[in-house]
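I have placed the structure first, in the form of structure tokens, so that the comments after it can refer back to it.
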Amino acid sequence: MTKILEHLKYTKDHEWVSIDGGHYTMGISDYAQSALGDIVFVELPPVGTKLIKGKTLGVVESIKSVSDVYAPLSGEVVAINSEVTSTPEFCNSDPYAAWMIKVKITGDASEASALLDHKSYREICS
Amino acid sequence: MMEALLNTELTQYHQRLHAKMAAFAGFEMPIQYTTVKEEVCSVRSGVGVFDVSHMGEFFIEGNDAVALADYLVTNDIKGAGEGRAIYSPLCREDGTVVDDLIVYKLRKDKVLLCVNAGNMQKDWQHIQRIKNATTFSAQIYDRSSDYSLLAIQGPKAVEALTMAGVLGTSDEMEFSYYSVREVKFDGVDLIVARTGYTGEDGFEVFCDHRTVVKLWERLMAQGVTPCGLAARDILRLEVCYPLYGHELSDELTPFDSGLKWTVKFHDRNFVGKEVLQQVVPRFQIIRLSLQGGIPRQGHPVEIMRSTEGGVDVVGQVTSGTLSPTINKGIALALVEKSKIEIFNSKNGGKHTQYSIIIRDKRHLVDYHDKAFITGGHK
């Protein structure tokens with residue numbers, strides 16, 4: 001059964017988002033990690049990178065496949081989780097603890113209102 | 001309209017094990033059951049079983065069966081003993097590769113060709129065309145839909161097949177690598193070959209659809225690890241076996257793909273011989289590895305100009321993955337022979353520094369003289 005946390009927001013591309021004031025934290029969902037299989041490589045943008053909602057911010061690779069990770073909201077990267085790049089399997093074992101980047105939000109509020117809540121996201125996963 | 005995917009006899013068994021399934025050459029095939037890494041490890045250190053029933057089985061029968069097989073492929077079939085398996089490219093008159101396959105020399109008048117699932121129709125048409133233009137006294141039968149195929153691979157493959165009742169306890173010693181025999185299993189005929197695509201010791205068992213279920217269940221009961229096509233691809237890449245559609249293609253000759261050892265000119269005639277005797281290879285396959293990135297098919301490969309500085313693109317990655325065995329990114333790459341020879345000769349004959357471009361970033365890579373790992377086959 002896919003684990004979907006109620007307090008998070010999601011994208012249709014299977015990223016999770018946690019918004020806290022003017023910043024957000026994101027990673028990939030349990031559904032995404034399960035579909036990818038053993039994650040062996042994660043590439044994230046350096047601090048300072050400007051992100052545009054819906055554009056590629058990095059990649060997650062399993063042994064056999066490469067998947068893009070998309071920016072859930074526009075913003076500027078303020079922190080990256082080096083634990084995820086050094087031990088990519090963290091994304092499999094605990095996808096909601098394995099945050100990838102923290103971002104200062106620069107887009108307008110309508111971007112965030114387009115994110116999915118846990119109920120709508122579950123429909124996408126079923 | 002999408003054509004419905006074909007199942008193998010074991011599809012429902014794979015689904016019951018919750019395998020990830022995907023379309024491959026028109027079949028719904030198991031990609032992985034647990035994790036690719038676990039499956040690769042069990043083949044390297046224990047024993048795994050692959051359902052490869054999607055592959056094609058063509059039988060050549062008749063007085064000239066061996067002569068026709070010998071004429072069709074570049075490797076020497078005539079000169080091999082009965083009961084031998086021979087890996088070979090199948091070439092056109094112009095020397096390009098239709099497919100790569102294993103020729104099983106079962107008897108004087110019976111030869112089995114095991115071909116790639118994705119090339120089955122193309123192979124069949126090519127073989128029919130060649131046969132119809134000659135006078136060999138032999139018939140060719142496509143029995144692909146009559147046969148299931150299991151590959152049992154790993155250092156404990158003998159033990160597993162002995163326990164399953166396929167091999168007798170005294171069989172193993174005489175059953176050399178790349179040999180084949182017809183055996184009885186619970187009163188049913190099987191073709192058992194000591195071949196595989198993993199670099200490890202192992203067997204491939206051709207059997208009817210009822211028998212494959214029985215054999216699969218016995219192997220599962222013994223704890224043999226079910227392995228998917230993802231693990232199979234990584235296992236072959238770690239030992240640098242070429243795969244059609246990657247290192248081999250309709251545009252390349254065996255020489256371009258590192259298969260010079262499979263082209264035997266002496267004392268025989270075969271399709272493509274004239275051209276292959278004169279052709280100058282344009283490409284070469286090289287082996288590269290790196291830390292901190294995973295090369296994938298299509299990534300550009302560059303060589304450093306040793307004296308002038310700067311880099312030249314010389315080819316691209318044909319197969320790439322992360323090797324779970326050596327924990328590095330590994331790649332086979334098709335590079336232009338003339339370009340790399342210039343730079344290597346300037347470097348005193350040694351290979352100069354190569355790099356691979358992964359998502360717009362240059363990664364320096366290590367050149368390997370030999371396969372990334374040596375399998376344990378005998």
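Observations, loosely collected:
- Cβ-Cβ FRET estimate between A:T56 and A:K3, R0 fixed at 30 Å, reported to 0.05: 0.75
- Neighbour counting of Cβ atoms within 10 Å sorts the residues B:L219, A:L116, B:L288, fewest neighbours leading, into A:L116, B:L219, B:L288.
- Neighbour-count order for B:H54, B:H266, fewest beta carbons within 10 angstrom listed first: B:H266, B:H54
- Across q = 0.11, 0.13, 0.14 Å⁻¹, chain B modelled as identical point scatterers on its alpha-carbon atoms has Debye log10 I(q)/I(0) values of -0.81, -1.11, -1.26, in the order of the q list.
- Nonlocal Lys pairs with alpha-carbon distance under 26 Å, segment A:9-108 (8 or more apart, or different chains): 18
- The calculated FRET efficiency for B:Q291 paired with A:V78, based on their beta-carbon distance and R0 = 41 Å, is about 0.90.
- Computed over segment B:1-154, relative contact order equals 28 percent, with contacts defined as Cα pairs under 8 Å that lie 6+ residues apart.
- Ascending count of other beta-carbon atoms within 10 Å, so fewest first, for B:Y13, B:Y147: B:Y13, B:Y147
- Approximating the spin labels as points 7 Å out from Cα along Cα→Cβ, the A:A112-to-A:S86 distance works out to 3.2 nm.
- Contour minus Cα-Cα distance for B:S176 and B:Y141 (0.36 nm per residue): 9.8 nm
- Inter-part distance where segment B:259-273 and segment B:285-333 are each reduced to a Cα centre, Å: 31
- Between A:V66 and B:E341, the simple spin-label model (points 7 angstrom out along Cα→Cβ) gives 3.1 nm.
- For segment B:56-142, a simple Cβ point-charge model (Lys and Arg +1, Asp and Glu -1, everything else neutral) yields a dipole of about 140 debye relative to the Cα centre.
- Chain B, relative contact order in percent, only Cα pairs under 8 angstrom and at least six apart counted: 18
- Simple label model, 7 Å out from Cα along Cβ direction - B:M220 to B:A371, nm: 3.0
- C-alpha center-to-center spacing [segment A:1-47, segment A:79-107] in angstrom: 8
- Neighbourhood net charge (13 Å Cβ-Cβ; Lys/Arg +1, Asp/Glu -1) for A:V17: -1
- DSSP-loop chymotrypsin sites (Phe, Trp or Tyr not before Pro) across segment B:245-344, with at most 12 other Cβ within 10 angstrom: B:F265
No lab work stands behind these numbers, since they all come straight from the coordinates. From a predicted model like this one, the values you see are computed outputs, not experimental measurements. Note: ideal-geometry Cβ built from the backbone for every residue, glycine included; neighbour counts use all protein chains shown.
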